[in-house]
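Structure first, commentary second.
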Amino acid sequence: MANLDQHDGDNGAPQLPPAAPGTDSGSAKPAFAGAARRRFATRGAAAVGAILTVKSQPGMACSICTSPSGNASGNLNSHSPHQVVCQGLSPGYWKNHESAWHSSCVSTVKFQKRFNCSSTSGFYNKTMMTLLTHQDCDADNVAMHCIAAYQNALKGYTSFLKPDRVQAIWNEYWRTGGAGRGYYTPIAGKRWYGAEIVNYLRGTMD
C-alpha cells in the first residue's frame, strides 16, 4: 500500500490492503475469563460521544460491547434478534501475547504496511508491537487502539468491526490531520477526534 506523505490533499479514499480472513482457523481463541468475555450485543444504537444510528458508517454495526462507563449498551430488545460477537481484546493483551497475533499481521509488521502515515512521521518504520507502548507521536493512543482493534477484527473477535473499517478509521484520522488534529466521521455532521475514536474502540474491547 502506498503511503500518504501529506495529511491533506489526497484524491478520494486511500487504497486499503486486502482484508485478511475474519478468523484464524489455525489457532485457538484465548480462554476468556468469565461471562464478560462472552457477552453479545444486539443490533441497536450505542452512545459513545454520539449516537450511532442506522445511518452511521457501514461496518460500525450500530452497536458496541460497552459504553465508556463500562456498562452494557445497545438496544437490547427482542425486536432485533441479530447478534454480533463482541469479544475484543485490549492493547495490553496483544502486547503481552505476541504468539496470539493473526498470521497475516504479526507483531513485527511495520505500521505503514497496514495503516497510512508519512515517511517523516513518528509512526513510520515502527513495528505494530512498538506502537502498543505509548509513543509521543501517538498523543491520544489512537494508533495503539487501532492496532488492537485490527487484531480483534482479523481474529473475528468483533464480528461487526472488520479489518478494513479499522483501517478506514485510522486513515481518515490521519488524512484530516493526524495526532492531535485529525478526526473520523461516524455519521454525517459528527466528528470524532482522537479521544473519541479511542473511546469507541475501547467500547469494543473488554
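FYI, it's all coordinate maths here, none of it is from the lab. Since the model is a prediction, treat every value here as computed from it, not as a measurement. Here the Cβ positions follow ideal geometry from the backbone for every residue, glycine too, while neighbour counts run over all protein chains shown.
Using modelled amide H (1.01 Å from N, peptide plane; none on Pro or chain starts), what sits under 5 Å from the amide H of residue 88, excluding residues fewer than 5 places away?
Long-range HN contacts for residue 88: 206.
Assigning unit charges at the beta carbon (Lys, Arg +1; Asp, Glu -1) and nothing else, what dipole magnitude in debye, to the nearest 20, does segment 114-192 show about its Cα centre?
220 debye
Over 27 Å between Cα atoms: which of 126/190; 126/155; 113/155; 95/162; 155/190 fall into that group?
As for pairs spanning more than 27 Å Cα to Cα, those are 126/190; 155/190.
Output wanted: per-residue J couplings in Hz (rounded whole) for segment 178-189, from phi through Karplus 6.51 cos²θ - 1.76 cosθ + 1.60, θ = phi - 60°, x for Gly and Pro.
Coupling constants for segment 178-189: x, 3, x, 10, x, 8, 10, 9, x, 9, 4, x Hz.
With the crude spin-label approximation of a point 7 Å out along Cα→Cβ, what separation in nm comes out for residue 133 versus residue 97?
2.1 nm
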